[in-house]
Amino acid sequence: MKEQIADRILHTPPLLFDGAIGSRLIGMGLPAGQAPEAWILSQADKIRQVHEEYTQAGANVITTCSFGGNRIRLKKGSLDRKCDAINRRAVEIAKEASQGKTYIAGGMGPTGEFFQPHGLLTEESADKTFIEQAGILADCSIDFFLLETHYDLKEALISLNACRKTAPSIPVAVTMTFNSTPNGFFTVMGDSAVEALKTLSDNGAFLVGSNCTLEAEGMVKLAKYLVTEIDTPLLIQPNAGTPEITPDGVVYPQKADEFAQSAQQILSSGVHAFGGCCGSDATHISALRVLIDKNFR
Amino acid sequence: MSKPNQEIHNCILDGDAGKTKILAEKIVNAGSNPTEALQPFITAIRHAGDLFDQGEFFLPQLLLSAKAMQAAMDVMFPSSEGKSAARLSRGTVIAGTIQGDIHEIGKNLVCALLSAHGFQVVDLGADVALDRFVQETEQHKPDFLVLSALLTTTMINQKHLIDQLNDKGIRDGVKVLVGGAPVTSDWAEEIGADGYAPDASRAVALAIKLLDA
């Protein structure tokens with residue numbers, strides 16, 4: 001039986017998370033602008049293949065393909081009526097691919113809306129939509145929730161609290177996405193990285209960190225800074241470079257070896273968990289596996 | 001900066017739509033030429049944009065400034081003026097974030113600044129279907145079609161839309177401008193757009209340049 005995730009995270013070697021799902025599915029033919037969740041019910045074999053690639057690459061954690069699985073976001077693709085089925089199937093597919101070899105993280109992203117007065121989102125509707133998604137994922141026996149790519153601390157907290165009250169026994173990890181400014185690292189809404197992650201930790205997240213947006217150099221700098229400021233275990237999931245446009249489409253320029261070089265610096269800084277975000281695939285996760293095994297022999 | 005202009009500047013940067021509206025009303029009541037009187041408002045909203053670029057402002061502040069700017073625009077160029085507003089108009093614009101993409105902020109700023117510079121803007125919102133862009137272009141025959149895409153996964157739809165305009169034979173009647181975080185001038189060239197701008201103020205400069213060309 002696997003050690004509980006909240007205990008395992010405290011030990012070495014650092015936990016290896018998986019890489020991107022969305023950009024990988026686009027590489028497999030997901031049409032531009034279509035939500036990956038649309039494929040959960042129609043192209044389960046492709047989603048399973050991506051999870052299997054990461055499992056074989058040595059990831060310790062597989063994240064379910066349910067990042068956009070909240071009702072508000074699903075509505076954009078007219079998938080809101082299938083909210084329950086999509087989230088349930090997302091967990092099933094991840095488990096089929098993992099075969100018990102990895103932890104299963106129930107992926108949850110933001111609604112994509114802004115709160116009033118800047119947008120139309122209300123605290124009540126955010127709370128309701130996250131409670132619904134958390135309830136479905138929890139019902140499917142995930143090992144923990146992974147709330148990713150939050151850009152507004154307020155929404156991240158509502159999502160975190162929704163998970164805590166819906167399924168108090170399931171641990172919650174939260175990563176936010178930060179920009180580098182002359183004054184430090186902030187979300188686009190102006191939440192400072194340290195303050196935001198400390199607040200999430202104070203509200204019960206067992207693992208906090210950063211994913212997406214920043215290029216490697218910025219993420220290395222942020223990780224080194226966060227380990228000195230945050231006591232809670234840290235998860236870092238960078239993109240495979242800044243996307244470039246080529247005649248063949250959008251390309252993330254960092255190949256696995258280059259990705260591993262910046263990963264080495266981040267791992268050396270003492271983070272507890274590491275994985276990839278947009279543009280990363282099984283080659284990147286394999287390179288990280290080699291790196292972690294070498295560093296923590 | 002003169003005292004009244006300083007006051008306008010502060011109101012926009014504070015994102016105080018209420019006070020900004022009152023200042024705009026004073027200008028209108030005094031019988032000033034609205035186009036000339038708009039300059040300090042434009043200077044202020046550009047300053048807000050610069051502060052955002054420098055990391056001094058974040059989205060909430062920038063959006064409040066844009067709302068204050070819009071409040072002034074509504075007073076100084078009320079849409080009910082109809083024909084007189086059209087006479088003031090530099091040109092007509094249909095704008096929107098492309099299908100599959102729900103990001104509105106950048107596009108809203110571009111619309112606000114284009115309006116501020118005297119363009120008549122029809123904002124179709126976010127996640128706008130390609131068919132709708134085509135339909136609106138056929139119906140309104142705008143000078144510009146301004147397409148935003150904030151995701152690497154949705155920018156390809158900018159190309160699809162241009163292809164559709166070509167198929168319908170209406171591509172030559174409109175200038176297509178593209179923007180958004182992942183978009184570059186190389187991309188604009190590759191998909192056959194008329195221009196690309198990296199930020200809202202340069203989108204305005206580009207539109208003016210193309211109109212004068």
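The values are calculated or read from the model by the stated rules, or taken from the named source; none is laboratory data. Values in this document were obtained by computation on a predicted structure and should not be read as measured data. Because the Cβ atoms are built from the backbone with ideal geometry, glycine has one as well, and the counts that use them run over all protein chains shown. Ligands, DNA and RNA are excluded from the accessible area calculation, which covers all protein heavy atoms including side chains. Shrake-Rupley method; radii C 1.70, N 1.55, O 1.52, S 1.80 Å.
Results, tabulated for the structure shown:
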| read-out | value |
| --- | --- |
| Residue in region B:109-121 that is within 11 Å of chain A (Cβ to nearest Cβ), part of a loop (DSSP other than H, G, I, E, B) and not small (Gly, Ala, Ser) present | no |
| Any hit, region A:9-23, residues being open to solvent by 40 Å² or more (accessible area, probe 1.4 Å), out of contact with any Gly (no Cβ under 7 Å at 6 or more places or on another chain) and in a helix (DSSP H, G or I) | no |
| Residues (part of a loop (DSSP other than H, G, I, E, B) and not acidic (Asp, Glu)) located in region A:274-297 | A:GLY275, A:GLY276, A:CYS277, A:CYS278, A:GLY279, A:SER280, A:PHE296, A:ARG297 |
| Residue match in region A:33-44 (condition: in contact with a strand residue (DSSP E or B) (Cβ under 9 Å, 6 or more places away or on another chain) and free of Cβ contacts under 8 Å to residues at least 40 places away in the same chain) | yes |
| Members of region B:122-141 found to be assigned to a loop (DSSP other than H, G, I, E, B), farther than 19 Å from B:LEU109 by Cα and away from chain A (no Cβ under 14 Å), listed by number | B:LYS141 |
| Count of residues meeting criterion [at pLDDT below 85 and open to solvent by 20 Å² or more (accessible area, probe 1.4 Å)] in region B:40-62 | 6 |
| Whichever residue in region B:150-182 is assigned to a loop (DSSP other than H, G, I, E, B), over 29 Å from A:GLY279 (Cβ atoms) and open to solvent by 20 Å² or more (accessible area, probe 1.4 Å) and, among such residues, is farthest from the other protein chains (Cβ to nearest Cβ) | B:GLY169 |
| Output for region A:69-95, where each listed residue is touching a strand residue (DSSP E or B) at 6+ places or on another chain (Cβ under 9 Å) and modelled with pLDDT of 95 or more | A:GLY69, A:ASN70, A:ASN87, A:ALA90, A:VAL91, A:ALA94, A:LYS95 |
| Whichever residue in region B:198-213 is small (Gly, Ala, Ser) and without any contact (Cβ under 8 Å) to a residue 60 or more places away in the chain and, among such residues, is least open to solvent (accessible area, probe 1.4 Å) | B:ALA205 |
| Qualifying positions in region A:120-141 - within 14 Å of chain B (Cβ to nearest Cβ) and either at pLDDT 95 or above or open to solvent by 40 Å² or more (accessible area, probe 1.4 Å) (or both) | A:LEU120 |
| Scope region B:1-35; condition outside any helix (DSSP H, G or I) and more than 22 Å from B:LEU51 (Cβ to Cβ); matching residues | B:ALA30, B:GLY31, B:SER32, B:ASN33 |
| Looking only at region A:181-199, and only at residues there that are within 8 Å of chain B (Cβ to nearest Cβ) and not in a loop (DSSP other than H, G, I, E, B), the one that is farthest from A:LEU226 (Cα to Cα) | A:THR181 |
| Total residues in region A:24-45, condition modelled with pLDDT of 90 or more, surrounded by fewer than 21 Cβ atoms within 10 Å (Cβ to Cβ) and within 12 Å of chain B (Cβ to nearest Cβ) | 1 |
| Of residues in region B:125-149 being surrounded by fewer than 22 Cβ atoms within 10 Å (Cβ to Cβ) and within 13 Å of B:GLN99 (Cα to Cα), the one farthest from the chain's Cα centre (by Cα) | B:ASP131 |
| Output for region A:248-294, where each listed residue is more than 23 Å from A:LYS46 (Cβ to Cβ) and modelled with pLDDT under 90 | A:PRO253 |
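The rows are residues; the columns are (1) at pLDDT 95 or above; (2) buried (at least 16 other Cβ atoms within 10 Å of the Cβ); (3) touching a His at 6+ places or on another chain (Cβ under 6 Å).
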{"residue": "A:ASP191", "(1), (2), (3)": "yes, yes, no"}
{"residue": "A:LEU197", "(1), (2), (3)": "yes, yes, no"}
{"residue": "A:LEU200", "(1), (2), (3)": "yes, yes, no"}
{"residue": "A:PHE206", "(1), (2), (3)": "yes, yes, no"}
{"residue": "A:CYS212", "(1), (2), (3)": "no, yes, no"}
{"residue": "A:GLU215", "(1), (2), (3)": "no, yes, no"}
{"residue": "A:GLY218", "(1), (2), (3)": "no, yes, no"}
{"residue": "A:ALA223", "(1), (2), (3)": "yes, yes, no"}
{"residue": "A:THR228", "(1), (2), (3)": "yes, no, no"}
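Yes/no matrix, rows are residues, columns are (1) in contact with a Gly (Cβ under 7 Å, 6 or more places away or on another chain); (2) free of Cβ contacts under 8 Å to residues at least 12 places away in the same chain; (3) on the phi > 0 side of the Ramachandran plot:
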position	(1), (2), (3)
A:GLY68	yes, no, no
A:ALA85	no, no, no
A:TYR103	no, no, no
A:HIS118	no, yes, no
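Yes/no per residue for (1) under 16 Å from the mean Cα position of the chain (by Cα); (2) charged (D, E, K, R); (3) within 14 Å of chain B (Cβ to nearest Cβ):
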{"site": "A:GLN99", "(1), (2), (3)": "no, no, no"}
{"site": "A:ALA105", "(1), (2), (3)": "yes, no, no"}
{"site": "A:HIS118", "(1), (2), (3)": "no, no, yes"}
{"site": "A:ASP143", "(1), (2), (3)": "yes, yes, no"}
{"site": "A:LYS154", "(1), (2), (3)": "no, yes, yes"}
{"site": "A:ILE158", "(1), (2), (3)": "no, no, no"}
{"site": "A:CYS163", "(1), (2), (3)": "yes, no, no"}
{"site": "A:THR166", "(1), (2), (3)": "no, no, no"}
